[in-house]
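Here's the structure, in structure tokens; my notes come after.
The values are calculated or read from the model by the stated rules, or taken from the named source; none is laboratory data. All values derive from a computational prediction rather than experimental measurement. Neighbour counts are summed over all protein chains in view; Cβ atoms, including those assigned to glycine, are modelled from backbone coordinates with ideal geometry.
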Number of protein chains: 2
Amino acid sequence: MATGDRLAGVIGGMGPDATIDFMSRVLACTPATRDQDHVRMVVEHDPRIPNRQFAMYGEGADPGPAIATLAARLEGAGAEFIVMPCNLAHAWEDDIRAAISIPFISIVSESVKRVEQRCTAGETIGLFTTPGCFKAGLYQEALAGHELVLQTPDELSESMALVERIKAGDKSEPVASGLRALAVRLVSRGAHALIAACTEFTLVLEPSMFAVPFISSTDVLAEKTVALALCQEPLPER
Amino acid sequence: MATGDRLAGVIGGMGPDATIDFMSRVLACTPATRDQDHVRMVVEHDPRIPNRQFAMYGEGADPGPAIATLAARLEGAGAEFIVMPCNLAHAWEDDIRAAISIPFISIVSESVKRVEQRCTAGETIGLFTTPGCFKAGLYQEALAGHELVLQTPDELSESMALVERIKAGDKSEPVASGLRALAVRLVSRGAHALIAACTEFTLVLEPSMFAVPFISSTDVLAEKTVALALCQEPLPER
């Protein structure tokens, strides 16, 4: 093993395509000209974790124990910190933290830090997300106390229907356009910037499609993972 | 955990992009309409394993121990079988098998089975590969005794130069065209079919680019992984 790097543990499979996309973005933002420059990861890719959207509405099994088990397995595999490229699953962050003694890097906290960098006081930030993630209130809580106006989606079922199509393998132009239209609606209602608070969205959308800053939570987490894995930053307290 | 499925262990990072491509192909060939239909994988993604091409020419560290360690870790993580989406790394298959007590599914053996299905006796199969994999003789050995004529590359340094560009992140049209030209040379020399015996090649090439059957070792291994993970096939003896 190379010295001077840290093993990243990835709780994956929520969804599977989003996990692979996250790994691709880790690669893309690593300064590398050969295999050995890239970061080490151990990935527990378990798409069979109970549905998180359903769970937020009290339906189906609690995914918390399964997610926490994966976190503990990653620590057992030698991971030095843990990331999870799924926003909604952070509703079970307490279960994860209770199961491990290494740092867990929250995609929500990191994305909010990025919002702080990109937005100035008084600006309106559009929360572009799924019903479950909205109901969980993760971003609403993380942004409370910031001098920003939060613009929340005026509808949620449409985004869910499109995410379900992506999860079924449909990343076609109509799906991308449909999601883009929902995001643009937040802009037309005054958002100066958008947080893409679902790692499925960025399977079909990219920042260049928008006239305002589009903060991809997947990219934010990928960049943080590389910085920590390459020891460019100290590990946070757990 | 769902019953009726098996956890696949993936020795990854050789190279990192090829591992992610393999995972994408696993997803693509899984019959799924929702996350929970997909297969569980645990992936040890270690791009820092010593260079396999160099090792085949006696330069640098032996990658065998590092690869075997990953295999053992995957078994420890509960993997029920192990795959490795890198052809050349199969030169260290004995090290892997010595380190585990679960089945190891060889990309070489599986690709040769596919050749058997696609080719008839007397046909010429073009071995499209890298210098290290050619020198290791993996496919030459696996195809010995088959009634096929093996067409080997007339040059190897060009393919290596192109693979190095891919590993440095260059998947541009010139790289794809360059590799395609090398493959076509095998066809012009009489190959009735091609084995793409390098998981980097299929990052820029696809079967539709060729007039003859183009057997992607990455796809073959992905399909086998899904069949075993979904219990569509019995596990082989180890």
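If B:ALA72 meets every condition in (1) within 15 Å of A:VAL43 (Cα to Cα); (2) more than 10 Å from chain A (Cβ to nearest Cβ); (3) over 17 Å from the mean Cα position of the chain (by Cα); (4) part of a helix (DSSP H, G or I) apart from one, which number is that one? Just one mismatch for B:ALA72, condition (1).
Looking across the range A:216-231, the residues that are crowded, with 23+ Cβ neighbours inside 10 Å and either without any contact (Cβ under 8 Å) to a residue 12 or more places away in the chain or among the aliphatic types (A, V, I, L, M) (or both) come down to A:LEU221, A:ALA222.
Taking the criterion of being within 14 Å of chain B (Cβ to nearest Cβ) and under 20 Å from A:ARG114 (Cβ atoms), the only residue of the range A:125-181 that qualifies is A:THR130. Those residues that are in a helix (DSSP H, G or I), more than 13 Å from the chain's Cα centre (by Cα) and of a type outside the set (A, V, I, L, M), I need them from the range A:18-46; list them, please. If the condition is that a residue be in a helix (DSSP H, G or I), more than 13 Å from the chain's Cα centre (by Cα) and of a type outside the set (A, V, I, L, M), then A:SER24, A:ASP35, A:GLN36, A:ASP37 are the ones that fit.
Being surrounded by fewer than 22 Cβ atoms within 10 Å (Cβ to Cβ), at pLDDT 95 or above, touching a His at 6+ places or on another chain (Cβ under 8 Å) and not small (Gly, Ala, Ser): is that true of A:PRO174 here? The answer is no for A:PRO174. Residue pairs whose Cβ atoms lie under 7 Å apart, sitting 6 or more positions apart in sequence or on different chains, and linking a residue in the range A:146-168 that is outside the structural domain of A:ILE125 (by TED's automatic domain parsing) to a partner that is modelled with pLDDT under 95, do not occur here. Taking the conditions (1) under 30 Å from A:ALA99 (Cα atoms); (2) polar (S, T, N, Q); (3) in contact with a strand residue (DSSP E or B) (Cβ under 7 Å, 6 or more places away or on another chain) in turn, A:THR129 satisfies each one other than (3).
Among residues of the range A:20-31 being within 7 Å of chain B (Cβ to nearest Cβ) and out of contact with any strand residue (DSSP E or B) (no Cβ under 9 Å at 6 or more places or on another chain), the one that is farthest from A:THR199 (Cα to Cα) is A:LEU27.
Remark: A:ASP95 falls outside the filter, which requires a residue to be within 25 Å of B:GLY12 (Cα to Cα) and more than 8 Å from chain B (Cβ to nearest Cβ).
Of all the residues in the range B:183-198, those that are surrounded by 21 or more Cβ atoms within 10 Å (Cβ to Cβ) and either in contact with a Gly (Cβ under 8 Å, 6 or more places away or on another chain) or away from chain A (no Cβ under 14 Å) (or both) number 8. Within the range A:141-157, the only residue that satisfies the criterion of being at pLDDT 95 or above and in contact with a Ser or Thr (Cβ under 8 Å, 6 or more places away or on another chain) is A:ALA142. Would you please name the residue that is nearest to the other protein chains (Cβ to nearest Cβ), looking only at residues in the range B:32-54 that are farther than 26 Å from A:ALA72 by Cβ and among the polar types (S, T, N, Q)? Going through the qualifying residues, I end up with B:THR33. Residues in the range B:55-69 that are on the phi > 0 side of the Ramachandran plot and within 11 Å of chain A (Cβ to nearest Cβ): B:GLY60 only.
Residues of the range B:23-76 being more than 27 Å from A:PRO31 (Cβ to Cβ) and touching a His at 6+ places or on another chain (Cβ under 6 Å), which ones? If the condition is that a residue be more than 27 Å from A:PRO31 (Cβ to Cβ) and touching a His at 6+ places or on another chain (Cβ under 6 Å), then B:THR30, B:ALA32, B:MET41 are the ones that fit.
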